[in-house]
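The values are calculated or read from the model by the stated rules, or taken from the named source; none is laboratory data. What you see is a predicted model; the values in this text were computed from it and never measured. Because the Cβ atoms are built from the backbone with ideal geometry, glycine has one as well, and the counts that use them run over all protein chains shown.
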Amino acid sequence: MRIVLVGPPGAGKGTQAAYLAKNLAIPHISTGDLFRANISQGTPLGVEAKSYMDAGNLVPDSVTIGMAEDRMEQADAAEGFLLDGFPRNLGQAEALDEYLKAKNLTLDAVLDLEVPEDEVVKRIAGRRICRKDSSHVFHAEYNKPKTAGVCDVCGGDLYQRDDDREETVRKRLEVYHTETEPIIDYYKAQDLVVTIPALGKVEEVTKRAMAALEGDA
Ligand code: AP5
Ligand code: ZN
């Protein structure tokens, strides 16, 4: 299956993607995690991306689209993937359509995680991620690690993301409304969107998403 996950910052895309990718046996491709891995390795791409991310803006398409396509090539797009955080504007959605069309492939579904804004703010304020792998995500209250400050998956230190400061979060939400929300209509026109209410326990949201995908298959 080829699936796109959309939703505001803090909706739980990364959290759900980890479970859905495992259940569906497809790779989880997160452009945010790819950027953070480049930042921690100090690559030129990471240095460029960091200035945009810390300001809460999107990294330019000229950098992002190539990086996402390289990662889809590695994964072998024909075998399926779960995209988390890409596409994030209309230019990226069109580029993805062209990329898939050239391979005679299509998307199966776009899952839109719906969460009220006050909940998103609480989720982001308590989020802690792993220094070794930013796809290992916890929450100080809602999804506590077994040992405070230590990643359950790999033992890495947990920390708060630089872009999770309050003023940056406000900017990220604004960018979500102006640049990312229009892709939902773009995909509605292709009859691909399934809205998943994303309040409730992590496993309940996963169940809803799996049921929606199974209904779709
Ligand atoms: P990215 O890393 O993609 O961030 P985002 O979209 O802002 O999403 P988040 O990672 O903040 O949230 P999430 O929905 O994954 O929530 P999570 O599962 O962590 O992008 C970061 C930046 O990179 C962007 O601002 C941009 O600069 C750049 N970028 C990335 N992709 C790009 C692109 N395509 N083009 C241009 N620029 C790009 O959950 C949040 C918290 O809630 C966690 O603590 C979690 O434990 C908790 N939680 C999750 N589910 C629940 C639940 N059901 N109940 C209670 N708590 C929960
Ligand atoms: Zn870890």
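Among the residues of region 77-98, what is the count of those that are aromatic (Phe, Trp, Tyr) and over 12 Å from the mean Cα position of the chain (by Cα)? Here the count works out to 1. Can Tyr142 be described as hydroxyl-bearing (Ser, Thr, Tyr), touching a strand residue (DSSP E or B) at 6+ places or on another chain (Cβ under 9 Å) and either at pLDDT 95 or above or within 15 Å of ligand 1 (Cβ to nearest atom) (or both)? When the stated conditions are applied, Tyr142 does not pass them. For region 199-216, the criterion of being away from ligand 1 (no atom under 11 Å from the Cβ), at pLDDT 95 or above and polar (S, T, N, Q) is met by none of the residues. Mind listing whichever residues of region 123-169 are surrounded by fewer than 13 Cβ atoms within 10 Å (Cβ to Cβ) and over 18 Å from the mean Cα position of the chain (by Cα)? Answer for region 123-169, where residues must be surrounded by fewer than 13 Cβ atoms within 10 Å (Cβ to Cβ) and over 18 Å from the mean Cα position of the chain (by Cα): Glu141, Lys146, Thr147, Ala148, Gly149, Cys154, Gly155, Asp157, Glu166, Glu167. The set of residues in region 126-176 being within 21 Å of Phe35 (Cα to Cα) and among the hydrophobic types (A, V, I, L, M, F, W, C) consists of Ile129, Cys130, Val137, Phe138, Cys151, Val153, Cys154, Leu158, Val169, Leu173, Val175.
Look at region 143-172: where a residue is touching a residue at least 60 places away in the same chain (Cβ under 8 Å) and a partner is more than 9 Å from ligand 2 (Cβ to nearest atom) and in a loop (DSSP other than H, G, I, E, B), sitting 6+ places away or on another chain with Cβ atoms under 6 Å, you get Thr168/Gly56; Lys171/Gly56; Arg172/Pro9; Arg172/Gly56. Taking the listed residues Val153, Val121, Val59, Val169, the one that is out of contact with any Phe, Trp or Tyr (no Cβ under 9 Å at 6 or more places or on another chain) and near ligand 1 (Cβ under 10 Å from one of its atoms) is Val169, with no other qualifying. Does Asp112 qualify as being acidic (Asp, Glu), within 16 Å of ligand 2 (Cβ to nearest atom) and surrounded by 19 or more Cβ atoms within 10 Å (Cβ to Cβ)? No: the conditions fail for Asp112.
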